[in-house]
Structures are given as C-alpha cells and as structure tokens.
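The values are calculated or read from the model by the stated rules, or taken from the named source; none is laboratory data. Since this is a predicted model, take the numbers as computed values, not measurements. Note that we place each Cβ from the backbone using ideal geometry, even for glycine, and neighbour counts take in every protein chain shown.
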Amino acid sequence: MHKPVLLHESIDALDVQVGEIFLDGTLGGGGHSIEVLRRLDGKVRIIGLDQDSKAVELAREKLNIEAKTENFRNLDKVLGELSILSIDAILFDLGISTDQFEESDLPAQIGRGFSFLRDEPLDMRMSREGPTAADILNSWDEHAIELILRGFGEEKFSRKIARLIVERREVKPFKTTFDLVGTVLEVKPRSWRDRIHPATKTFQALRIAVNEELTALEIGLEKGFKVLGQNGRFAVISFHSLEDRIVKNFFRDRIKEKVAIQITKKPVTPSAEEIQINPRSRSAKLRVIKKL
Ligand SMILES: C[S@@+](CC[C@H](N)C(=O)[O-])C[C@H]1O[C@@H](n2cnc3c(N)ncnc32)[C@H](O)[C@@H]1O
C-alpha cells in the first residue's frame, strides 16, 4: 500500500477551499486526494489523472472523484473535454508509487521491472504503452544508451556499462531485470562501501527514459500553470535532483516574471519521523507557488 509523502505539508500549502476545483495530476493510491476530500467533507471537485490505468481503476472504486487515465502532459485535453477553463490547485507527486514497485510481489510475469531486487520482465512502463526498457537496451545505439545513463542517472560508469550492454545483447537480448543487474555488476562489483545498490542509477535512468518523465514534467508544468486561475496554487513533490531542478527553475522564472509568488520559502523535506516510518520519502522535496 502506498504511503502518501509530505501529505499534510502539501495539502496545507495547497489550501483547497470548499467548492474549488483541484487537479491531482498523479493519483497513485489516491492518498493526497483522500486527504483533500476528508478536510472538505467531500465539498470539492477533484479531477484525478494517472498514466497507469490500474491506479485510475482503484481510485474510481474508492473515491468520489473524476478519474482519468492520462499523462499530466495532456492535462489541457482532459480539462477541455470537461469544459473546465480554470482550476484552483494542482498537485504533481512525481515518480512511481509503492503499489507499482510492489506489483513485484505478484508472479514474475506480471511485475513491471521497476525493482532491481527481483527478477522480472524489463518493462518499466507506467502507462503500459510504447517501448519497454528491454526494447531500449536491445535496439538503441551505444552512445544513446551512454547518454541516458549519464544524463538521467548521473552514472559515472555510463560509458563502460553502455559498452557491455551492447556486447551482451549480441549474445543474448535483454529480457529481465536480472540480465541488466548482472551486466551492471560486472562493471561495478558490489562493495561494502556502497551506500546504494550499484544498479540504482542505471534503473533510475532507464525508468526516466522509458516514461519520458522529464519532458512530461516540463510540459505538465507549463500547461498546469497556464490553466491555474488567479490565486491558484501549484505544488510539486520531486524525488531526485533532475526533477527538482526543473521544478525549481520553472517556479523561479514565474516568480521573476512577477506572475507568481512562493508559498514555501525553501523546499519542504520530510521530518525525521516520516523518513523513519516511510524510508522512500527520504529524498522528497516539496515546492509550492501561487499564481498572481
Ligand atoms: C508517487 S505516486 C502518487 C501517489 C499519490 N499522491 C498517493 O499519495 O497515493 C505517482 C503516481 O503518478 C503517476 N505518474 C507519474 N508520472 C505521471 C505523469 N506524467 N502523468 C500521469 N501520471 C503520472 C504514476 O503512475 C504513479 O501512480
């Protein structure tokens, strides 16, 4: 079960009022939307998006909201279909949910390959559409693979790993997570000094590439800000520096243009208590602005 991250901090900052329209761009397990509904006794209109149809199905079953399977990069299309011209608050809680990770508890054929700890098909698509992680590893040229490992994973061994991937696929195409973990471990053997698993950065990079996460974020920020009404609030929770940089720069530019003000002075991070209860929250950063 997904535990919502920075729940009270984000919902306090968004300050959704009775009768307003709230866009939850990343429904996941619905944790943030549930809190908004609870605080306002259901007297709020919530449009919920998730590119994962399973998250949307579950949200429809348990919540009285308008949930759509869609990438937030297409939020203008969804709002257009609903004839909504302006919204009051938006949340993007980025990345994947624990539920997507833990599909890995299902039989191996069903897991989606987000975790390097279990042997599963190397898929990594949140939307279940388009090329998989295995397709990328088996068909992109060496330089392109090196670039995603370096650019999206900040992986120091990107060149060596990319070279070995290309050598390996000639012998046997990549199919499962452990095929990739084995390749990374040949370049970066495990050491007691490692704070993180040697394959962490490679997996992060591939997931970002498969789901075009950074492009979606840039487009979602632009379109979301455009459709916010006067005094509309925009909150984003990011989980790594590449995402946070995009959010920070986008918000900074709107503030410089004097079309928005900052609500959270510094990025808000989880308390020691939250990190203890939910270790996955440790890298989270919340930034919030208000449109003028
Ligand atoms: C961290 S979870 C959200 C958790 C949710 N706030 C909660 O507390 O239950 C992120 C969710 O956003 C979805 N997601 C990630 N990027 C997306 C995008 N660009 N458009 C739509 N959904 C996205 C993922 O499929 C995942 O279900």
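Taking Glu213, is it within 30 Å of Leu292 (Cα to Cα), out of contact with any strand residue (DSSP E or B) (no Cβ under 9 Å at 6 or more places or on another chain) and buried (at least 18 other Cβ atoms within 10 Å of the Cβ)? It is true that Glu213 is within 30 Å of Leu292 (Cα to Cα), out of contact with any strand residue (DSSP E or B) (no Cβ under 9 Å at 6 or more places or on another chain) and buried (at least 18 other Cβ atoms within 10 Å of the Cβ).
Taken together, the residues in region 241-265 that are assigned to a loop (DSSP other than H, G, I, E, B) and in contact with a strand residue (DSSP E or B) (Cβ under 9 Å, 6 or more places away or on another chain) amount to 3.
From the list Gly42, Gly48, Gly19, Gly30, the one residue that fits, being more than 11 Å from Leu91 (Cα to Cα) and either within 7 Å of the ligand (Cβ to nearest atom) or crowded, with 24+ Cβ neighbours inside 10 Å (or both), is Gly30.
Among residues of region 1-23 that are over 20 Å from Glu274 (Cβ atoms), none has a beta-carbon under 9 Å from a residue that is assigned to a loop (DSSP other than H, G, I, E, B) and within 12 Å of the ligand (Cβ to nearest atom) at least six positions away or on a different chain. Tallying residues that are buried (at least 18 other Cβ atoms within 10 Å of the Cβ) and either more than 9 Å from the ligand (Cβ to nearest atom) or outside any helix (DSSP H, G or I) (or both) within region 1-16 yields 9. Exactly one residue out of Arg280, Arg245, Arg254 is among the charged types (D, E, K, R) and closer than 21 Å to Ile87 by Cβ, and it is Arg254.
When region 80-129 is filtered for residues that are of a type in the set (A, V, I, L, M), more than 20 Å from Leu242 (Cα to Cα), at pLDDT 75 or above and assigned to a loop (DSSP other than H, G, I, E, B), the ones remaining, listed by number, are Leu82, Ile84, Leu85, Leu117, Leu122. Of all the numbered requirements in (1) at pLDDT below 95; (2) under 24 Å from Leu94 (Cβ atoms), Lys188 misses one, and that requirement is (2).
This table checks each residue for (1) in contact (Cβ under 8 Å) with a residue 24 or more places away in the chain; (2) over 25 Å from Phe234 (Cβ atoms); (3) within 15 Å of the ligand (Cβ to nearest atom).
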| position | (1), (2), (3) |
| --- | --- |
| Ala59 | yes, no, yes |
| Glu70 | no, no, yes |
| Arg112 | no, yes, yes |
| Glu129 | no, yes, yes |
| Thr132 | yes, yes, no |
| Trp140 | no, yes, no |
